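To start, the structure itself, in structure tokens.
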Amino acid sequence: MKRRNSTVKRKVKRKLPKQDLKIKRFYTNFKKIIFKNLKKKRFAIAVSGGSDSLCLAYLSKMYSSEYRSKMDVLIIDHKLRSESSKEAVKVKNILKTKKIQAKILSWTGVVPTKNIQNSARNIRYSLISNYCLKKNIKFLITGHHMDDQIENFFIRLFRGSGLTGLSSMQASSEYSEKLKIIRPFLAFKKSELKYVTLKFFKTYIQDPSNENEKYLRIRIRKNRKKLEDEGLNTNKVIKTVANLVSANEALIYYKKKSLQKHVSFLSKDKCAISEKIFVEEASEIIFKSFSDILSLVSGTYYPPRSKKIISLINRLKKSNYSKSTLGGCVIEKNNNYILISKEPKTRKIAYQVKK
């Protein structure tokens, strides 16, 4: 009788070390949200080099390896600061040390000089969505977390936003008909994501604008401790946002009915709204309807600010309304209908890809 070969290799299931049980918990929750949305399909992530996005890169790499999903890692060079190109290369090299390949999307259009943070966000989403469209990628995963959710709530509160704005970010939302945004970190604090990043990458890049108090977001961030001392802690804000989300979902239901009843799309870039909407619908439904339509027609993720939409609605109700533009759309009236069409563009999105 032959003896069994004692050198036969056994398959050993890889386990995280005991000190990384926290990371294991993060990944379990991350995986649950991601798999629910995209299963094994190709996806993209945007990495800035901050602790949030590097944590996203690490967990996404784990997911991509486990499910054999193709992952596109994108770094945006906004060209808004002289050192932005060097920083983009630095981020790429940090990722490369952990065998994560990335592409740099560099903005080659006009560099904005006003409303910098909003412009940077628009550039970022324009470049990413255009890349995803060309590569037929239908899912974008972002690193937005609980602290972002709270800051967004206060920013919109300061700006007098309605229910839609105050409801802030959702775990998943439609950027367009061909791109869905997934936000798996909304239940986690920034400090928790930083823990994961330092465990894996040992480093991350600090954005100098995070200390500039000319931005409302930074002033809110630095004053949150005072609000917490007065009793307005994180849990209370998150609970408030959750209640607003629940109420907003009910309004979304009635908004959809309003759109079906009063709105007809004449083409992809043009629609007609019956003026009966002003008589038959509540003000919040009218607001949400116009907000959605302006985004759909212009092809942008974020609609114009609330006060601008409300001003447009108030002007449209008057008999002496004249043609105007808002959020990349042209708005005019004709025979009891409001016509909204996409504003002509003189140039395409300008960028180049560095592999």
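The values are calculated or read from the model by the stated rules, or taken from the named source; none is laboratory data. In this text the structure is predicted, and so the values were computed from the model without any measurement. Positions of Cβ are backbone-derived with ideal geometry, glycine not excepted, and every protein chain shown enters the neighbour counts.
Residue count for the range 33-47, restricted to those that are surrounded by 21 or more Cβ atoms within 10 Å (Cβ to Cβ) and either modelled with pLDDT of 95 or more or in a loop (DSSP other than H, G, I, E, B) (or both): 4.
State the number of residues belonging to the range 298-309 that are at pLDDT 90 or above and either crowded, with 17+ Cβ neighbours inside 10 Å or assigned by TED's automatic domain parsing to the domain that holds R124 (or both).
Going residue by residue through the range 298-309, those that are at pLDDT 90 or above are 308-309.
From what is left, the residues that are either crowded, with 17+ Cβ neighbours inside 10 Å or assigned by TED's automatic domain parsing to the domain that holds R124 (or both) are 309.
Total satisfying the criteria: 1.
Can you tell which of E280, E249 is among the acidic types (D, E), free of Cβ contacts under 8 Å to residues at least 24 places away in the same chain and not assigned by TED's automatic domain parsing to the domain that holds I313? Exactly one residue qualifies, and that residue is E249.
Each residue in the range 266-288 was checked for being over 16 Å from N334 (Cβ atoms) and of a type outside the set (K, R), and 10 pass.
Every residue, every condition in (1) closer than 25 Å to R42 by Cα; (2) in contact with a strand residue (DSSP E or B) (Cβ under 6 Å, 6 or more places away or on another chain), yes or no:
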{"position": "E83", "(1), (2)": "no, no"}
{"position": "K86", "(1), (2)": "no, no"}
{"position": "K103", "(1), (2)": "yes, yes"}
{"position": "G109", "(1), (2)": "no, no"}
{"position": "K114", "(1), (2)": "no, no"}
{"position": "S126", "(1), (2)": "yes, no"}
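Checking each residue in the range 69-78 for being crowded, with 18+ Cβ neighbours inside 10 Å and not in a strand (DSSP E or B) picks out S69, H78. The helices (runs of 4 or more DSSP H) falling completely within the range 105-220 that include 2 or more residues that are modelled with pLDDT of 90 or more and under 20 Å from L74 (Cα atoms) map to 116-135, 190-200. The residue that is modelled with the lowest pLDDT, counting only those in the range 310-355 that are aliphatic (A, V, I, L, M) and part of a strand (DSSP E or B), is V353.
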